[in-house]
Amino acid sequence: MLTLTSIRLLFFVATTFVLASCTLGAPSLKLKDDVIENTVTWSGEVWIDGIVTVKKSGHLIIEPGTRILFAPRDVDGDGIGDAELLVEGSLTARGTARDPIIFTSAADQPKPADWKYLYLDFARDVELDYIVSEYAYSGLQVHFCRARVTNSIFRYNVDGLRFSTVNLFAAGNRMHDNQHGLRYEERGSEAIIHHNDIQDNEIGIFVVTRSTDRAQIKENNITGNRQYNVKLGWQQPGDVTLPNNWWGSLAPDAVEETFLDRKIDVSLGHVSAPEPLTGPVKVSDWQKHEGATP
Amino acid sequence: MKSLRYLVLNSLLLVLMMTSLSVSSVSACVGKTLVVGALDDPQQQVLAEMLSVLISERTGTTVKVVPIKGHAEAHDAMIRAELDMYIEYTGVGQVTILKDQPIADSDELYKAVKERYNQELNLIWLKPFGFSDARYAPEGTVAVAAPVVRKDTLKKFPALARLINKLGGAIDDSTMKELEVASAAGNPRDVARKFLKEKRFI
């Protein structure tokens with residue numbers, strides 16, 4: 001028989017557990033094909049083995065230091081993991097320099113494309129600050145929405161940061177050791193991309209197609225990318241202008257050698273790098289420059 | 001006492017509710033991965049990797065090379081849409097796959113297989129690479145190598161034929177032998193990439 005004392009004790013334990021879950025974060029929250037339709041806060045460790053969707057009405061808030069681990073499951077056998085976080089509503093992921101928010105593979109020996117992507121599609125409101133996204137097909141894909149991405153790291157992915165048809169502000173980020181550091185199909189995008197390190201990828205910037213040279217990509221360090229610093233895709237006949245960047249060299253010929261453009265394939269546009277910087281920018285100084293205030 | 005039990009159950013239910021989220025299925029846009037078949041042979045592997053590297057590097061499309069056991073298996077996989085493309089030889093196409101009479105003339109043979117594959121099988125022969133290999137030639141015919149691609153795949157990727165056709169005539173007999181030797185001795189993908197880079201295809 002339950003006594004009043006034992007009931008009180010049980011109630012105390014239950015309440016304590018609930019409060020701990022809300023304020024300190026439940027360890028190892030495990031999700032599959034879940035849908036978020038209200039305001040939800042993640043902290044601690046979150047495992048995703050499926051597609052988690054933040055619907056239009058939903059707002060996902062991720063606390064500093066949260067680790068989101070994606071199961072490296074590839075059911076359709078296309079060589080790309082199936083797990084993803086799809087955001088159609090709002091996402092606020094503000095880490096700190098000391099406690100970044102980490103999106104990564106749950107594999108013991110992780111590799112690029114273990115999971116699909118953090119995908120912003122017609123999202124309502126997105127702010128990403130001090131996140132690390134790694135071992136995905138795309139560390140971050142942004143389509144048909146406005147997004148602000150700062151102080152973050154995209155590494156060990158096929159595509160570090162990828163966008164099309166967006167209003168994107170990206171500053172203070174580091175994209176390294178991806179197949180493509182930055183990849184985009186402009187399609188009318190309003191993109192301001194400055195004070196980023198786009199270094200040590202296979203391809204620094206991959207302009208796939210439909211670019212009308214509107215994206216403002218300036219005052220970045222675009223150096224040391226193993227195949228090309230800039231590559232135009234097969235269907236990019238228009239020119240691409242990338243002014244005021246640091247290319248790792250002051251010799252124009254050496255800089256141009258790192259572009260795959262019309263000089264290799266006459267059907268492509270020309271990549272130009274007017275007024276190159278004479279030294280690297282300090283990425284952490286991005287807040288002193290254009291677009292720092294939303 | 002019943003009300004106390006009710007309170008306990010409610011408390012436990014509250015815990016469960018607070019630590020789980022609603023579950024339902026969703027779907028999202030998934031990119032198409034192209035699949036290239038390759039027989040267990042250095043020549044096939046280096047050519048399949050060449051298609052894979054060319055397509056993935058120039059278009060950004062993900063391409064996967066998968067092993068296949070033989071020509072008939074490759075053909076069946078194409079018909080079942082399990083492969084998007086593979087490398088075939090004109091003589092094999094005419095005699096082994098189409099079960100037709102050998103044709104000795106190289107150009108005539110290419111036209112014949114291209115026409116029947118297109119009309120009857122919805123498979124498209126793209127431009128030949130530029131070499132032939134007698135090892136693959138049934139008696140009384142020749143074996144000119146070319147990429148064969150599903151028509152549906154070309155509809156989904158309209159620029160693909162033009163891109164792959166850049167390799168048309170780019171590999172003569174002696175170049176193919178060199179690539180084959182290097183492929184047998186090393187990594188076919190590295191060999192393919194080096195060739196494409198040297199010829200400025202990528």
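The values are calculated or read from the model by the stated rules, or taken from the named source; none is laboratory data. In this text the structure is predicted, and so the values were computed from the model without any measurement. Virtual Cβ from ideal backbone geometry, glycine too; neighbours counted across all protein chains shown. When the accessible area is computed, the model is the full protein with side chains, heavy atoms only, and any ligands, DNA or RNA have been set aside. Shrake-Rupley method; radii C 1.70, N 1.55, O 1.52, S 1.80 Å.
General observations
- Residue check for A:L277: at pLDDT 95 or above, open to solvent by 20 Å² or more (accessible area, probe 1.4 Å) and aliphatic (A, V, I, L, M): yes
- Scope region A:212-230; condition within 14 Å of chain B (Cβ to nearest Cβ) and either β-branched (V, I, T) or without any contact (Cβ under 8 Å) to a residue 40 or more places away in the chain (or both); matching residues: A:R226, A:Q227, A:Y228, A:V230
- Some residue of region A:83-93 being assigned to a strand (DSSP E or B), among the small types (G, A, S) and open to solvent by 10 Å² or more (accessible area, probe 1.4 Å): yes
- The number of residues in region A:70-79 being open to solvent by 10 Å² or more (accessible area, probe 1.4 Å) and in contact with a strand residue (DSSP E or B) (Cβ under 6 Å, 6 or more places away or on another chain) comes to 2.
- Taking region B:70-162 as the region of interest, the helices (runs of 4 or more DSSP H) fully inside it that hold 2 or more residues being modelled with pLDDT under 95 are B:151-156.
- Scanning region A:37-63 for residues that are under 16 Å from A:V126 (Cα atoms) and open to solvent by 30 Å² or more (accessible area, probe 1.4 Å) yields a total of 10.
- Tally of residues being more than 14 Å from chain B (Cβ to nearest Cβ) and among the charged types (D, E, K, R) across region A:75-110: 4
- The single residue among A:E202, A:E257 that is without any contact (Cβ under 8 Å) to a residue 40 or more places away in the chain, within 14 Å of chain B (Cβ to nearest Cβ) and under 21 Å from the mean Cα position of the chain (by Cα) turns out to be A:E202.
- A count restricted to region A:225-242 and to residues that are open to solvent by 50 Å² or more (accessible area, probe 1.4 Å) and more than 14 Å from A:H270 (Cα to Cα) stands at 1.
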